[in-house]
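Single-structure report; data block below.
The values are calculated or read from the model by the stated rules, or taken from the named source; none is laboratory data. All figures in this text were calculated on a predicted structure; none of them were measured in a lab. Cβ: placed from backbone, ideal geometry, glycine included. Neighbour counts: every protein chain shown.
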């Protein structure tokens, strides 16, 4: 099952190129809802002291005005990205009033969709387009699922490694074509083996009943008390049926094709240019107000939710598919991580190091093209683990063979050990092998998983999901309030906030195109 992986690891060792892996880059994006002291989603504007959500490089908003998104730059060491994330949140907490940043993926407390204010980005064409896109999401899917939070793990393999890797693979393509091919292979394996992520990291086994907005609870959910619903063996309800998944898009016929970069971009191009009768009924511009950017299957590429995206940094108003077509894949974004409420950063250092091992495992492991049948297996495995991952005798599918999750996970973790050794060699450390060993324990003892610990905590101490999440959020606020930032770092954040406001005003002043023309040019890739 892991023969190609073993051969590649051996060749890397024999050719002494493991040290080239040490310059792989990590970036982190963490979403957190601002909530008031009673746990209700904040109704206030994005704090001006944090700068402009449109133009700030590290502090912005996602769907809702209250959903902060903290973004690190790509860092040469994963631990540096981790520290940078802590620094950003320290700055935020030390510059806002008494609000909490909700330290859970699932929100509390919602009084219906009217509570959820769509993010605003000013009067520039770019700012208007971002807000209209979010209005389109509200019309298409409702607002509630848009305020679920997560962490995105952005990873690029060390640049110097690629040429050496291509040589030992005896590959004669252009270097960028080889890189694209290998990154797409990685994305396929991230999907194949991605069920490991909710098992190991899933932290949303329960929800506040207000999340359902008065709707009847799903049949597979149980009532813990009048405020909390849960699933007995769930790991990540965020990644399950109630979360923001591809299932709704599937009903209108879109599934991205990861079998090559061209097929991926072509499948997304089809989705963002093909009208959808269901969305045509919503209307685009009604009584002079935009309801959505267009009535296509997807308004823009970002609407396609998936556990992984191949990406390249955008230039100007470039569309993501155009950046990929012109310059190829620069990094891969893993999007399936829940917020871990037991750690102020939303994840632990061991989790971070394990993800690096996982990404390299997905790169070096054999990665055949995904058939329609296998895609169904992938989707079913993810759903099963999200909803039933801690079930003792749970079985999942691999190559049409149904086997116990526990056995599958142990086999994969064993294969990862060789990758961990490579990375420890490259970094002159032992943190990667330690991280893999830590996760291996969770296979043997599911009660140690974050999802199991959360349920035990709720039952023993808090008696509701809301009280648990509020308690952890308050603990983390105290941590960040006390955390010291250097004068230099504080000045850098303050200058970035001030500069972002200047940049937003500049964009608003310099806009020449009428918005309708701006939007038309952007959507056609001609801006």
So residue 123, is it surrounded by 23 or more Cβ atoms within 10 Å (Cβ to Cβ), assigned to a loop (DSSP other than H, G, I, E, B) and at pLDDT 95 or above: no
Residue selected from segment 205-237 under the condition assigned to a helix (DSSP H, G or I) and at pLDDT below 95, by the criterion farthest from residue 405 (Cα to Cα): 210
Selected residue (criterion: surrounded by the fewest Cβ atoms within 10 Å (Cβ to Cβ)) from residues of segment 371-384 that are more than 18 Å from residue 199 (Cβ to Cβ) and under 22 Å from the mean Cα position of the chain (by Cα): 376
Among residues of segment 485-498, those that are more than 26 Å from the chain's Cα centre (by Cα) and touching a residue at least 24 places away in the same chain (Cβ under 8 Å), counted: 4
Matching option when the condition is surrounded by 14 or more Cβ atoms within 10 Å (Cβ to Cβ), within 24 Å of the chain's Cα centre (by Cα) and either free of Cβ contacts under 8 Å to residues at least 24 places away in the same chain or farther than 25 Å from residue 101 by Cβ (or both), among 181, 146: 181
Selection count where residues are surrounded by fewer than 18 Cβ atoms within 10 Å (Cβ to Cβ), touching a helix residue (DSSP H, G or I) at 6+ places or on another chain (Cβ under 8 Å) and part of a helix (DSSP H, G or I), scope segment 426-439: 2
Filtered residues of segment 1-44 (kept if under 27 Å from residue 351 (Cα atoms) and surrounded by fewer than 15 Cβ atoms within 10 Å (Cβ to Cβ)): 1, 3, 4, 6, 7, 10, 13
Among (1) farther than 27 Å from residue 35 by Cα; (2) touching a helix residue (DSSP H, G or I) at 6+ places or on another chain (Cβ under 6 Å); (3) not in a helix (DSSP H, G or I), the one test that residue 172 misses: (2)
Count of residues meeting criterion [farther than 21 Å from residue 428 by Cα and in contact with a helix residue (DSSP H, G or I) (Cβ under 8 Å, 6 or more places away or on another chain)] in segment 1-31: 8
Total residues in segment 98-129, condition in contact (Cβ under 8 Å) with a residue 40 or more places away in the chain, more than 26 Å from residue 277 (Cβ to Cβ) and out of contact with any strand residue (DSSP E or B) (no Cβ under 9 Å at 6 or more places or on another chain): 8
Flag if residue 423 is touching a residue at least 24 places away in the same chain (Cβ under 8 Å), surrounded by 15 or more Cβ atoms within 10 Å (Cβ to Cβ), part of a helix (DSSP H, G or I) and within 22 Å of the chain's Cα centre (by Cα): no
Residue in segment 501-513 that is surrounded by the most Cβ atoms within 10 Å (Cβ to Cβ), counting only those that are closer than 15 Å to residue 122 by Cα and touching a helix residue (DSSP H, G or I) at 6+ places or on another chain (Cβ under 9 Å): 504
Subset of segment 259-303 that is out of contact with any helix residue (DSSP H, G or I) (no Cβ under 7 Å at 6 or more places or on another chain), touching a residue at least 24 places away in the same chain (Cβ under 8 Å) and not in a helix (DSSP H, G or I) - its residue that is surrounded by the most Cβ atoms within 10 Å (Cβ to Cβ): 276
Residue ranges of strands (runs of 3 or more DSSP E) in segment 311-413 with at least 1 members without any contact (Cβ under 8 Å) to a residue 40 or more places away in the chain: 395-398, 401-404
Test result for residue 53, over 30 Å from residue 354 (Cβ atoms), crowded, with 19+ Cβ neighbours inside 10 Å and modelled with pLDDT of 95 or more: yes
Filter pass, residue 107 being assigned to a loop (DSSP other than H, G, I, E, B) and closer than 30 Å to residue 432 by Cβ: no
Checking residue 97 against (1) modelled with pLDDT of 95 or more; (2) farther than 24 Å from residue 512 by Cβ, the condition it does not meet: (1)
